[in-house]
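The values are calculated or read from the model by the stated rules, or taken from the named source; none is laboratory data. Predicted model only: the values in this text are computed from it and were never measured. So basically every Cβ, Gly included, is an ideal-geometry build from the backbone, and we count neighbours across all protein chains shown. Note: areas computed on protein heavy atoms with side chains; ligands, DNA, RNA excluded. Shrake-Rupley method; radii C 1.70, N 1.55, O 1.52, S 1.80 Å.
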Amino acid sequence: MLEVSTSMPKTKKGLHTFNKICMSAEKLFHEKTYHAATINDIVNDANLGVGTFYIYFDSKRSLYRHLVLSYYHDIRKSIAEKTKDCKTRLECEKIGLRTFLDYVIKKPHAYTIIWQSLLVDRELFVDYYTSFAERYKKQLDESIEKGEVNPEIDTIALAYALMGISNFVGLETIFFHTDVLDEKRIDQIVDSVIIMLEKGIGN
């Protein structure tokens with residue numbers, strides 16, 4: 001289970017400082033990569049002293065893990081909230097995909113920071129995606145029981161396939177074709193994925 005281990009500050013001032021460190025780290029890990037960005041870079045960008053950094057984090061790695069795990073919980077919580085009243089599996093897939101795209105459009109740095117974990121912290125990278133897949137599998141198993149998903153399908157393989165679709169559709173929307181990105185285009189992308197899931201890709 002992925003859990004955020006960092007203790008959150010108890011005061012408004014402490015939380016403000018904590019968030020400044022996180023925002024600077026997000027910016028620099030995104031722009032320079034984790035390995036190139038130093039603690040000095042982060043505190044200088046946040047207009048803080050190095051000593052202040054160590055009040056909240058014991059290392060650059062602990063800050064990085066906090067960011068990745070925060071993205072995990074934020075994405076999972078957002079999708080759970082948006083899909084809680086869905087009546088069908090396809091409705092859940094549609095709303096879930098749109099919710100994910102809305103999240104990464106607002107936080108494109110989450111992509112680069114999460115994917116860097118393959119080189120920064122391989123165990124974190126594995127745990128991040130396997131945890132998502134295991135939760136996804138439980139939902140798909142429930143959908144099989146309701147007769148909405150083909151019982152011959154391996155649901156863990158399906159979970160990864162659907163996650164792969166979301167990940168690469170997300171890349172297409174925020175990195176590859178940002179010049180044509182608008183609400184209409186996002187809706188078209190989501191609708192196309194759902195048509196594929198419902199009817200397949202054959203003519």
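Within this structure, Thr130 passes the test of being surrounded by 13 or more Cβ atoms within 10 Å (Cβ to Cβ), of a type in the set (Val, Ile, Thr), in a helix (DSSP H, G or I) and at pLDDT 95 or above. A search for C-beta distances below 9 Å between a residue of segment 125-141 that is in contact (Cβ under 8 Å) with a residue 60 or more places away in the chain and any residue that is of a type in the set (Val, Ile, Thr) and part of a helix (DSSP H, G or I), counting only pairs 6+ apart in sequence or on different chains, returns Tyr128/Val68; Tyr128/Ile114; Phe132/Ile75. Going by the conditions given, is Asp74 surrounded by 15 or more Cβ atoms within 10 Å (Cβ to Cβ) and of a type outside the set (Lys, Arg)? Against the criterion (surrounded by 15 or more Cβ atoms within 10 Å (Cβ to Cβ) and of a type outside the set (Lys, Arg)), Asp74 does not qualify. In segment 21-29 there is at least one residue that is farther than 29 Å from Ala133 by Cβ, under 21 Å from the mean Cα position of the chain (by Cα), surrounded by 14 or more Cβ atoms within 10 Å (Cβ to Cβ) and not aliphatic (A, V, I, L, M). Candidates are the residues of segment 83-101 that are open to solvent by 50 Å² or more (accessible area, probe 1.4 Å) and outside any helix (DSSP H, G or I); the one that is nearest to Tyr71 (Cα to Cα) is Lys84. For segment 57-64, the criterion of a residue being part of a loop (DSSP other than H, G, I, E, B), at pLDDT 95 or above and open to solvent by 40 Å² or more (accessible area, probe 1.4 Å) is satisfied by no position. Applying the criterion of being open to solvent by 50 Å² or more (accessible area, probe 1.4 Å) and among the hydroxyl-bearing types (Ser, Thr, Tyr) to the residues of segment 143-182, the residue that is nearest to Leu97 (Cα to Cα) is Tyr160.
Taking (1) assigned to a helix (DSSP H, G or I); (2) free of Cβ contacts under 8 Å to residues at least 24 places away in the same chain; (3) farther than 30 Å from Phe175 by Cα in turn, Ser24 satisfies each apart from (3).
Yes or no: segment 38-50 includes at least one residue that is touching a His at 6+ places or on another chain (Cβ under 7 Å), of a type outside the set (A, V, I, L, M) and open to solvent by 50 Å² or more (accessible area, probe 1.4 Å). There is no residue in segment 38-50 that is touching a His at 6+ places or on another chain (Cβ under 7 Å), of a type outside the set (A, V, I, L, M) and open to solvent by 50 Å² or more (accessible area, probe 1.4 Å). Report, by residue number, each residue of segment 133-185 that is of a type in the set (D, E, K, R) and part of a helix (DSSP H, G or I). Glu134, Arg135, Lys137, Lys138, Asp141, Glu142, Glu145, Glu172, Asp179, Glu183, Lys184, Arg185, listed by residue number.
Every residue, every condition in (1) of a type outside the set (D, E, K, R); (2) within 23 Å of Ala110 (Cβ to Cβ); (3) at pLDDT 95 or above, yes or no:
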| site | (1), (2), (3) |
| --- | --- |
| Leu15 | yes, yes, no |
| Ile21 | yes, yes, yes |
| Ala25 | yes, yes, yes |
| Leu28 | yes, yes, yes |
| His35 | yes, yes, yes |
| Asn40 | yes, no, yes |
| Asn47 | yes, no, yes |
| Ile55 | yes, no, no |
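The C-beta contact set for segment 61-85 (first residue more than 21 Å from Asn19 (Cα to Cα), second residue open to solvent by less than 30 Å² (accessible area, probe 1.4 Å) and charged (D, E, K, R), distance under 9 angstrom, 6+ apart or interchain) comprises Thr83/Glu93.
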